[in-house]
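This report refers to the structure that appears directly beneath it.
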Amino acid sequence: MDDIRSVAAALVESPKGILAADESSPTLTKRFDALSIASTPETRLAWREMLFSTPNLSQWIAGVILYDETFRQRTSEGTLIPEFLAARGMMPGIKVDTGAKPLAGTRGELVTEGLDGLGPRLEAYRAEGARFAKWRAVLTIGEGRPSRQCVHANAHALARYASLCQEHGIVPIVEPEVLMEGDHSLERCAEVTRVVLDAVFAELREFNVDFRAMVLKPSMVVPGVLADPVGVDEVAAASVAVYRDAVPASVAGIALLSGGQSDATATAHLAAMNRIGSLPWPITFSFGRALQDEPMRVWRGDARNAEAAQAALARLAAANSQATENR
């Protein structure tokens, strides 16, 4: 257990964060389509290899979450991607859930699946170099949402996943995402996020998950995208207040998701949270789109744009790294 505790601590230790490059092939295809980039196993590999080859990326990135396709691919020089990352000072991680599916007994709510056969899959991933894993639950705010059934079904799945990870020597990243969709207020998001996190940690305790050997990846407390915006400091204060109430001090750290925020907004919120100070755990970043959207727009599937795209990623990663150092 000491080994995965040290891995969990290293993933969230300032000034580093986590690059979430674990979009499924269909999701990445949608993003490629929007930029008229052909989506094939080869172009998806070229995109990710270009990102991971960014000079000095390990100064700001402790680990990279991979999708199964990428985890099993080889670089243009023939090196397996997990080995490629490790050689550059970044820990390879793996997304292990199989996506959110309709939850019976609710009005269109979702539960994340992937527990069947997870133990053997984790054993194989660990043997192939994975040091940590990720499982994402999604919850929406609306009339009667999230329902009690949805909250508890997803909390239960997250806890079973986390327990299995630790049994197989892998650090679990526990990601309960409260989506930004809707017109809910900051206060309503805070209320729901607190309920969700309380349920998640109650289930984690039931499954004897070692909090010192896990990383929490929560959404920030923000108003819905259709609601009136609020200030950066208001989001930071509301988020930290919820985390203080619901997240045990023994958790290795919090790695925030960007949840569709712009890169500048996500970074500003991260910095403002760390300025609050006297936090019981480190707060860092585990961003996907907030680190990749600009580099993808620059790259556009053209190898001639690789250097400029890498420069964009380096600038964004460095800015988020600096945002973790305000505490």
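The values are calculated or read from the model by the stated rules, or taken from the named source; none is laboratory data. Just so you know, these numbers come straight off a predicted model, no measurement behind them. Methodologically, a virtual Cβ is constructed for each residue, glycine included, from the backbone with ideal geometry; neighbour enumeration extends over all protein chains shown.
Key figures for this structure:
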{"read-out": "Answer from Ser219, Ser239 - the residue that is buried (at least 20 other Cβ atoms within 10 Å of the Cβ), part of a loop (DSSP other than H, G, I, E, B) and in contact (Cβ under 8 Å) with a residue 12 or more places away in the chain", "value": "Ser219"}
{"read-out": "Residue selected from segment 48-68 under the condition part of a loop (DSSP other than H, G, I, E, B) and touching a Lys or Arg at 6+ places or on another chain (Cβ under 7 Å), by the criterion farthest from Thr98 (Cα to Cα)", "value": "Trp60"}
{"read-out": "Segment 31-43 residues that are at negative phi, paired with ones that are hydroxyl-bearing (Ser, Thr, Tyr) and in a loop (DSSP other than H, G, I, E, B) (beta carbon under 8 Å, 6 or more apart)", "value": "Phe32/Ser39; Asp33/Ser39"}
{"read-out": "Filter result for the condition that a residue is in contact with a His (Cβ under 9 Å, 6 or more places away or on another chain) and not basic (Lys, Arg), over Gly119, Gly93", "value": "Gly119"}
{"read-out": "Scan of segment 87-126 for residues that are surrounded by 15 or more Cβ atoms within 10 Å (Cβ to Cβ) and closer than 30 Å to Asn56 by Cβ, ordered by number", "value": "Arg88, Met90, Met91, Pro92, Gly93, Ile94, Lys95, Val96, Tyr125, Arg126"}
{"read-out": "Selected residue [over 16 Å from the mean Cα position of the chain (by Cα), within 16 Å of Val196 (Cα to Cα) and either without any contact (Cβ under 8 Å) to a residue 24 or more places away in the chain or not in a helix (DSSP H, G or I) (or both)] from Val174, Val151, Val111", "value": "Val111"}
{"read-out": "Unmet criterion (only one of (1) touching a helix residue (DSSP H, G or I) at 6+ places or on another chain (Cβ under 7 Å); (2) among the small types (Gly, Ala, Ser); (3) within 18 Å of Ala268 (Cα to Cα)) for Ala213", "value": "(3)"}
{"read-out": "Residue count, segment 188-216 (criterion: within 18 Å of Tyr243 (Cβ to Cβ) and part of a helix (DSSP H, G or I))", "value": "20"}
{"read-out": "Ser258 being exposed (fewer than 14 other Cβ atoms within 10 Å of the Cβ) and closer than 26 Å to Glu187 by Cβ", "value": "no"}
{"read-out": "Segment 69-96, residues that are touching a Lys or Arg at 6+ places or on another chain (Cβ under 6 Å) and either more than 13 Å from Ala46 (Cα to Cα) or without any contact (Cβ under 8 Å) to a residue 12 or more places away in the chain (or both)", "value": "Leu80, Met91, Lys95"}
{"read-out": "Some residue of segment 196-209 being in contact with a strand residue (DSSP E or B) (Cβ under 6 Å, 6 or more places away or on another chain) and among the aromatic types (Phe, Trp, Tyr)", "value": "no"}
{"read-out": "Any helices (runs of 4 or more DSSP H) falling wholly within segment 255-327 and containing at least 1 residues that are over 30 Å from Glu42 (Cα atoms)", "value": "263-276, 306-323"}
{"read-out": "Selected residue [surrounded by 24 or more Cβ atoms within 10 Å (Cβ to Cβ) and acidic (Asp, Glu)] from Glu167, Glu181, Glu175, Glu187", "value": "Glu175"}
{"read-out": "Qualifying residue in segment 74-90 (condition: assigned to a strand (DSSP E or B) and at pLDDT 95 or above)", "value": "yes"}
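A quick yes/no check of all residues on (1) within 30 Å of Gly169 (Cβ to Cβ); (2) within 17 Å of the chain's Cα centre (by Cα); (3) surrounded by fewer than 16 Cβ atoms within 10 Å (Cβ to Cβ):
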position	(1), (2), (3)
Ile18	yes, yes, no
Asp22	yes, yes, no
Arg31	no, no, no
Ala34	no, no, yes
Ser39	no, no, no
Leu57	yes, no, no
Tyr67	yes, yes, no
